[in-house]
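Notes follow the structure.
Quick note: the coordinates plus some simple rules give every number you see, no bench work behind them. None of these values were measured; they are calculated from a predicted model. All Cβ positions, even for glycine, are placed from backbone atoms using ideal geometry, and neighbour counts span all protein chains on display.
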Amino acid sequence: LRELGDVLLLDIVEGLPQGEALDINHQLAEQGIDCIARGSNNYEDMKGSNFVVVVAGVGRKPGMTRMDLLKTNADIVKGVCDKIKNYAPDSKIIVVTNPLDPLTYLVLKSLGGNRKQIIGMGGMLDLSRFKEHISTVTGISRDSVQAMVISEHGENMLPLVRFSSLSGIPLTEFVTAEQSEDLATKTKSIAAQVISLKGATVYAPGNAVSTMVESIVKNKKAILPVSALLEGEYGYNDVCIGVPCVLGDEGMEKIIELRLNENEKQVFDLGVQSVKNAIKSFSL
Ligand code: LAC
């Protein structure tokens with residue numbers, strides 16, 4: 001829809017990606033968009049891809065946390081890494097499979113790639129939800145909302161009211177402390193509600209990935225929340241976690257370090273510990 005390029009849908013279920021591709025092409029044809037969608041069950045077809053978006057894995061069921069998927073999805077994603085190594089080793093990779101931050105780390109280490117090339121999509125999705133709540137609570141257009149969500153895409157997510165604004169005017173001038181708490185709580189819990197209502201989240205994650213790809217393809221250098229490998233930033237090393245990053249044609253070009261206050265730092269530290277515990281379980 002954003003005319004960023006052709007798309008290949010790969011799935012192990014025979015017929016499903018081919019059917020999705022047909023449906024998508026029908027929509028694009030009517031809109032006069034010349035990007036082509038193809039479906040395949042053959043990984044070899046990914047040869048020559050500029051981007052690989054890793055969504056393979058099982059989704060969480062109502063009542064599960066993202067971290068509950070660790071073992072099952074780590075095994076699936078390791079298999080996908082072997083295919084990427086064979087067919088698209090120079091592509092830029094966006095990991096979407098949960099638990100997002102540990103699996104971004106797994107892909108980075110399995111492929112031996114660099115942190116500019118391999119990133120995870122979690123914060124962008126949390127940000128979409130945070131923006132929606134901010135607009136609802138304040139009654140101000142979604143278009144005027146600027147916001148940021150960092151830390152783990154999971155139990156220690158950190159929506160940052162202090163770094164959010166309505167057209168540059170600090171959000172704190174529009175909401176009470178109690179409303180701020182409520183905004184953060186809702187942002188953290190709303191995915192579970194979508195899952196219990198319709199089984200999976202679909203449109204917002206797809207849009208979030210596109211926004212990341214667009215910033216790279218067009219070399220926009222947008223600052224977006226991305227799961228990236230820390231190398232000293234925020235006082236940590238060797239862990240992937242959501243932080244604001246500049247995305248341009250090199251991929252993840254720079255991590256922006258925010259001056260967090262004590263409360264914010266506490267949640268961020270818990271997020272890092274949670275991801276570090278998870279990645280200990282990988283045999284890399
Ligand atoms: C979500 C799941 C996919 O937040 O992590 O929608």
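May I ask you to sort Lys254, Lys198 by Cβ crowding, counting other Cβ atoms within 10 Å and putting the fewest first?
Ascending Cβ contact count within 10 Å gives the list Lys198, Lys254.
Name the residue from Phe174, Gln31, Met252 whose Cα lies farthest towards the positive end of the charge dipole of the chain, charges +1 on Cβ of Lys and Arg and -1 on Cβ of Asp and Glu.
Of Phe174, Gln31, Met252, it is Met252.
Treat every Asp and Glu Cβ in the range 20-100 as -1 and every Lys and Arg Cβ as +1, leave all other atoms uncharged, and give the resulting dipole magnitude about the Cα centre to the nearest 20 debye.
Computed about the Cα centre, the dipole is about 480 debye.
Kindly provide the GluC sites (Glu not before Pro) of the range 200-269 that DSSP labels as loop, not H, G, I, E or B, and whose Cβ sees at most 16 other Cβ atoms within 10 Å.
When the GluC sites (Glu not before Pro) of the range 200-269 are filtered for loop state and at most 16 Cβ neighbours within 10 Å, Glu250, Glu257 remain.
Which value, in Å³ per residue, describes the convex hull spanned by the Cα atoms of the chain?
Measuring per residue, one finds 136 Å³ for the Cα hull of the chain.
Name the residues whose placed amide hydrogens come within less than 5 Å of the amide hydrogen of Cys245, ignoring near sequence neighbours (fewer than 5 apart) on the same chain.
Amide H to amide H, under 5 Å and 5 or more residues apart or across chains, Cys245 pairs with Leu224, Val226, Ile256.
If a helix is a whole DSSP H run, which ones in the chain reach 18 Å or further along their own axis (Cα) and hold a mean Kyte-Doolittle hydropathy of at least 0.0?
Taking the DSSP H segments of the chain (at least 18 Å long, mean hydropathy at least 0.0), we get 203-217.
Please list, in order along the range 222-233, the HN-Hα scalar couplings obtained from phi with the Karplus expression 6.51 cos²θ - 1.76 cosθ + 1.60 (θ = phi - 60°), rounded to whole Hz, x for Gly and Pro.
Coupling constants for the range 222-233: 6, 8, 10, x, 9, 7, 9, 6, 7, 10, x, 5 Hz.
Counting only residues 5 or more places away or on other chains, whose amide H sits under 5 Å from the amide H of Ile33 once H atoms are built in the peptide plane?
none
Counting other beta carbons within 10 Å of each Cβ, put Ile12, Ile279 in order, fewest first.
Ile12, Ile279
So what's the gap between the Cα centers of the range 235-259 and the range 153-185, to the nearest angstrom?
21 Å
Could you please rank Cys240, Cys35, Cys81, Cys245, placing first whichever residue has the fewest other Cβ atoms within 10 Å of its Cβ?
Cys35, Cys81, Cys245, Cys240
Express the relative contact order of the range 68-152 as a whole percentage, based on alpha carbon pairs under 8 Å and six or more residues apart in sequence.
Contact order relative to length: 25 percent.
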